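Take a look at the structure set out below.
The values are calculated or read from the model by the stated rules, or taken from the named source; none is laboratory data. Note that this is a predicted model, so its numbers are computed, not measured. Positions of Cβ are backbone-derived with ideal geometry, glycine not excepted, and every protein chain shown enters the neighbour counts.
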Amino acid sequence: MLKYLLICFLFYTVTAYSQTATADLGIIPAPADVTLKKGFFTIGPKTQIAYSDGKSKKTAMVLKDYLQKRYGLKLPLLAETTNKSASVIVFTHQEKLGREAYQLTAGTSVLKISGDEAGLFYGLQTLMQVIKAEGAKLQLPCVEINDRPRYPYRGIMQDVGYHIYPVSFIKSQIEMLARYKMNVYHWHLTEDHGWRIEIKKYPKLTAVGAYRASTQISHYVDSLNGQDHLPYGGFYTQEEIKEVVAFAAERQVTVIPEIELPGHSVAALAAYPELACGDHPGPFKVAENWGIFEDVYCAGKENTFKFLEDVLTEVMALFPSQYIHIGGDECPKKRWEACKYCQQRIKQEHLKNEFELQSYFVKRIERFVNSKGRKIIGWDEILEGGLAPNATVMAWRNIDEGIKAAQQNHDVVMSPMSHVYFDFIQGKRELEPLAIGWGYNTLSRVYAYDPTPEVLTSDQKKHIIGVEAAIWTEHMDTYRKVEYMLYPRLMALAEVAWTFPEKKDSVSFFERRLPEHLLQLDQTDKVYRVPGPIGVSDTTLTGSTFKITLKVPVEGAKIYYNFDGQDARETDYLYEKPIDIILRKGEKRQLKSVVITPSGKRSANTSTLFIHP
């Protein structure tokens with residue numbers, strides 16, 4: 001019996017040790033399997049970097065450059081080791097671990113990373129996260145990590161139709177995606193409010209369609225009809241797009257373009273009004289107010305399809321992605337109902353209504369895209385009227401749309417606004433930047449999301465291929481606002497997308513790993529939303545005695561608090577130990593607190609009301 005208890009104790013100890021390894025190492029997203037061992041691997045001036053072939057050499061060179069730029073270490077890069085080194089880092093290309101999987105094994109003198117091309121890159125991202133400077137030395141614990149992603153599709157959607165951002169910012173987003181093992185940058189390039197991609201065959205798309213005369217400056221739904229009366233616009237040249245696509249490919253990120261059809265097309269119609277319904281449509285102007293517009297591409301005219309095929313041909317030449325996103329959302333049918341060409345198309349194709357006409361439109365575009373060896377992906381409205389045979393659905397309106405598509409045996413990327421829309425606010429509206437007039441997605445809500453609905457069968461669950469967060473930018477007129485809305489929710493999304501549910505640990509994420517990563521972010525020029533103190537929230541508690549323990553959400557930050565009902569400030573109490581609160585009957589106290597990071601960034605004030613019942 002004693003022997004049995006000893007075995008159980010050892011098993012529990014080893015299991016607990018292994019489970020806390022992720023927290024100890026600080027890795028985001030959490031790996032599939034981590035086993036810590038005794039000792040440390042040290043990187044110093046005599047360390048060598050070795051590689052097995054051309055693909056592993058590319059990753060080895062990234063590490064060499066990183067160590068030189070970050071730590072000033074100039075290490076030799078070799079096809080094989082000389083065995084004279086105190087330590088060696090070896091990159092080995094192999095496919096057997098599976099797509100995007102990697103193994104990282106660190107002993108006291110040899111550190112090995114193996115995987116396919118993507119796996120090697122992700123193993124390197126893990127290595128760069130776990131390296132710690134210990135005085136003059138760089139170290140990491142001896143460890144074995146076997147890791148693989150939960151989903152093959154892990155992305156964000158960046159809209160540039162409402163507002164456009166510099167190429168340098170697009171690249172900075174892609175770098176952050178790569179750091180956190182995200183692999184898709186969905187680039188929403190056309191909108192009613194601006195056409196952002198150069199199409200050489202149709203120059204007026206950018207000469208006319210890329211610019212609007214004014215911009216709405218109020219909430220999306222609580223409109224004051226405010227306008228700034230300032231001309232706005234811009235577009236990306238094909239050379240800039242090639243540059244971004246190549247930059248992303250080096251970092252294992254696929255850029256998927258979105259060309260909206262048949263709706264959200266007013267900017268294109270402003271340039272080429274003959275593509276709209278009727279004999280003499282237009283004139284149109286690029287949209288200035290937020291919303292959905294009734295003028296859309298005519299589904300009855302052949303020149304509409306000729307135009308779109310020409311556009312998509314140029315788009316596919318720029319983007320080697322398997323998927324081409326065709327939009328398909330929010331297409332009003334009013335113009336089609338009154339259009340003789342659309343009604344003639346319905347009759348000729350034996351369609352029941354305008355919803356089936358949209359399905360005809362999407363299916364016809366799909367046949368063209370498929371003929372070029374690509375696939376279409378579209379927002380979940382493409383389910384209406386009959387889904388195109390090979391289409392992948394991006395479920396945004398609600399989770400049920402994703403369930404519906406998976407039950408029809410179509411692949412699905414889950415992007416429900418209920419959980420992963422990053423244009424939604426994260427706190428009290430009066431304390432947040434101007435944002436869309438509905439929706440609330442906190443960091444913790446994002447982290448808790450599981451993209452695979454339990455209602456699906458095991459076979460249907462295989463059709464949930466990934467998750468994507470959407471960043472719509474009606475109210476993000478600067479890239480700094482985009483950063484604020486993206487970070488740190490991106491880190492939570494990365495763990496949702498990569499880490500298997502049984503390996504997720506919210507305590508580890510919020511209390512140990514995220515604070516370390518936010519300190520690193522705090523040391524850059526990026527803007528991010530500083531979370532409030534861990535251990536307090538906007539809520540009301542009742543009782544007579546409370547003991548509140550606060551923890552910093554950013555490593556090295558300070559927490560200030562008070563009970564005077566005013567917003568906390570640096571002249572208030574500096575939190576250093578748990579707060580004891582004793583209340584008499586009928587008494588209430590309001591704790592207000594603020595986080596100030598090492599760089600001086602501040603959280604919004606957080607408050608908790610304590611009431612003796």
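Out of the strands (runs of 3 or more DSSP E) lying entirely within the range 135-196, which hold 3 or more residues that are over 28 Å from H475 (Cβ atoms), modelled with pLDDT under 95 and out of contact with any Ser or Thr (no Cβ under 7 Å at 6 or more places or on another chain)?
On the way: elements: 137-147, 153-159, 184-188.
Because the criterion is at least 3 residues that are over 28 Å from H475 (Cβ atoms), modelled with pLDDT under 95 and out of contact with any Ser or Thr (no Cβ under 7 Å at 6 or more places or on another chain), no strands (runs of 3 or more DSSP E) in the range 135-196 meet it.
Quick check on my filter: what residues within the range 59-92 are under 16 Å from A118 (Cα atoms), surrounded by fewer than 20 Cβ atoms within 10 Å (Cβ to Cβ) and either without any contact (Cβ under 8 Å) to a residue 40 or more places away in the chain or not assigned by TED's automatic domain parsing to the domain that holds L140 (or both)?
Once the filter is applied, which keeps residues that are under 16 Å from A118 (Cα atoms), surrounded by fewer than 20 Cβ atoms within 10 Å (Cβ to Cβ) and either without any contact (Cβ under 8 Å) to a residue 40 or more places away in the chain or not assigned by TED's automatic domain parsing to the domain that holds L140 (or both), the range 59-92 yields only M61.
Within the range 292-325, how many residues turn out to be in a helix (DSSP H, G or I), farther than 22 Å from E274 by Cα and touching a strand residue (DSSP E or B) at 6+ places or on another chain (Cβ under 9 Å)?
2
Rundown of residues vs (1) assigned by TED's automatic domain parsing to the domain that holds P613; (2) of a type in the set (G, A, S); (3) in contact with a Leu (Cβ under 6 Å, 6 or more places away or on another chain); (4) at pLDDT 95 or above, yes/no style:
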site	(1), (2), (3), (4)
P533	yes, no, yes, yes
T540	yes, no, yes, no
G543	yes, yes, no, no
K551	yes, no, no, yes
I559	yes, no, yes, yes
Y575	yes, no, yes, yes
D580	yes, no, no, no
R589	yes, no, no, no
G600	yes, yes, no, yes
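From the list G556, G565, G586, pick out the single residue that is in contact with a helix residue (DSSP H, G or I) (Cβ under 9 Å, 6 or more places away or on another chain), part of a loop (DSSP other than H, G, I, E, B) and at positive phi.
After applying the criteria, what remains is G556.
Do we find that A604 is closer than 23 Å to E511 by Cα, surrounded by 21 or more Cβ atoms within 10 Å (Cβ to Cβ) and either assigned by TED's automatic domain parsing to the domain that holds Q523 or among the aliphatic types (A, V, I, L, M) (or both) in this structure?
When the stated conditions are applied, A604 does not pass them.
Do the conditions hold for T126, that is, is it modelled with pLDDT of 95 or more and either in the same structural domain as Y232 (by TED's automatic domain parsing) or assigned to a strand (DSSP E or B) (or both)?
It is false that T126 is modelled with pLDDT of 95 or more and either in the same structural domain as Y232 (by TED's automatic domain parsing) or assigned to a strand (DSSP E or B) (or both).
I need a count of the residues in the range 570-613 that are in contact (Cβ under 8 Å) with a residue 24 or more places away in the chain, closer than 27 Å to Y528 by Cα and aromatic (F, W, Y).
So the answer is 1.
With (1) surrounded by 21 or more Cβ atoms within 10 Å (Cβ to Cβ); (2) part of a helix (DSSP H, G or I); (3) under 18 Å from the mean Cα position of the chain (by Cα) as the list, and M476 as the residue in question, which single condition is left unmet?
(2)
Just to be sure before I move on: is E260 under 24 Å from K334 (Cα atoms), of a type in the set (D, E, K, R) and touching a Gly at 6+ places or on another chain (Cβ under 8 Å) in the structure I sent?
yes
I want to confirm something. Restricting to the range 93-123 and keeping residues that are small (G, A, S) and not in a loop (DSSP other than H, G, I, E, B), which single residue is surrounded by the fewest Cβ atoms within 10 Å (Cβ to Cβ)?
A118
I'm trying to understand the selection: among the residues of the range 521-542, which are of a type outside the set (A, V, I, L, M), surrounded by fewer than 18 Cβ atoms within 10 Å (Cβ to Cβ) and not in a loop (DSSP other than H, G, I, E, B)?
Result: T539, T540, T542.
Within the set of pairs 6+ apart or on separate chains, which have a first residue in the range 138-154 that is within 15 Å of P31 (Cα to Cα) and surrounded by fewer than 18 Cβ atoms within 10 Å (Cβ to Cβ), a second that is polar (S, T, N, Q) and at pLDDT 95 or above, and C-beta atoms under 7 Å apart?
E144/T35; E144/T105; N146/Q103
Pull up the range 297-321, narrow it to residues that are charged (D, E, K, R) and closer than 15 Å to Y202 by Cα, then point me to the one that is nearest to the chain's Cα centre (by Cα).
So, considering only residues that are charged (D, E, K, R) and closer than 15 Å to Y202 by Cα, the one nearest to the chain's Cα centre (by Cα) is E314.
Checking the conditions here, which among L583, L591 is crowded, with 21+ Cβ neighbours inside 10 Å and over 18 Å from E511 (Cα atoms)?
It is L591.
I'm checking my understanding of the structure. Among residues of the range 44-57 that are touching a residue at least 60 places away in the same chain (Cβ under 8 Å) and not hydroxyl-bearing (S, T, Y), which one is surrounded by the fewest Cβ atoms within 10 Å (Cβ to Cβ)?
So the residue we want is G44.
Being aliphatic (A, V, I, L, M) and crowded, with 17+ Cβ neighbours inside 10 Å is the filter here; which residues of the range 505-520 pass it? Step through it out loud before you land on a result.
First, the residues of the range 505-520 that are aliphatic (A, V, I, L, M): 507, 514, 518-519.
Within the range 505-520, L514, L518, L519 meet the criteria.
How about the range 243-274: which of its residues are in contact with a helix residue (DSSP H, G or I) (Cβ under 6 Å, 6 or more places away or on another chain), assigned to a helix (DSSP H, G or I) and more than 27 Å from V362 (Cα to Cα)?
V244, F247, A248, listed by residue number.
Just for the range 341-360: of the residues that are farther than 15 Å from L383 by Cβ and in contact (Cβ under 8 Å) with a residue 60 or more places away in the chain, which one is surrounded by the fewest Cβ atoms within 10 Å (Cβ to Cβ)?
Only one residue fits best here, namely Y341.
Just to be sure, is T539 polar (S, T, N, Q) and either on the phi > 0 side of the Ramachandran plot or within 20 Å of the chain's Cα centre (by Cα) (or both)?
For T539, the condition - polar (S, T, N, Q) and either on the phi > 0 side of the Ramachandran plot or within 20 Å of the chain's Cα centre (by Cα) (or both) - is not met.
Would you mention how many residues in the range 362-374 are more than 26 Å from the chain's Cα centre (by Cα) and either assigned to a loop (DSSP other than H, G, I, E, B) or within 13 Å of D329 (Cβ to Cβ) (or both)?
Going through the range 362-374 one residue at a time, the tally reaches 3.
Looking at E502, E454, E483 in this structure, which one is at pLDDT 95 or above and surrounded by 15 or more Cβ atoms within 10 Å (Cβ to Cβ)?
The unique qualifying residue is E483.
Would you call Y211 modelled with pLDDT of 95 or more and surrounded by fewer than 24 Cβ atoms within 10 Å (Cβ to Cβ)?
Here the answer is yes, as Y211 does meet what is asked.
Between A133, A178, which is under 30 Å from D33 (Cβ atoms) and surrounded by fewer than 18 Cβ atoms within 10 Å (Cβ to Cβ)?
Of A133, A178, the one residue that is under 30 Å from D33 (Cβ atoms) and surrounded by fewer than 18 Cβ atoms within 10 Å (Cβ to Cβ) is A133.
Looking at the range 228-287, which of the residues that are free of Cβ contacts under 8 Å to residues at least 40 places away in the same chain and surrounded by 20 or more Cβ atoms within 10 Å (Cβ to Cβ) is farthest from R154 (Cα to Cα)?
Going through the qualifying residues, I end up with F284.
Residues to consider are F368, F355; find the one that is touching a helix residue (DSSP H, G or I) at 6+ places or on another chain (Cβ under 7 Å) and either assigned by TED's automatic domain parsing to the domain that holds E401 or basic (K, R) (or both).
F368
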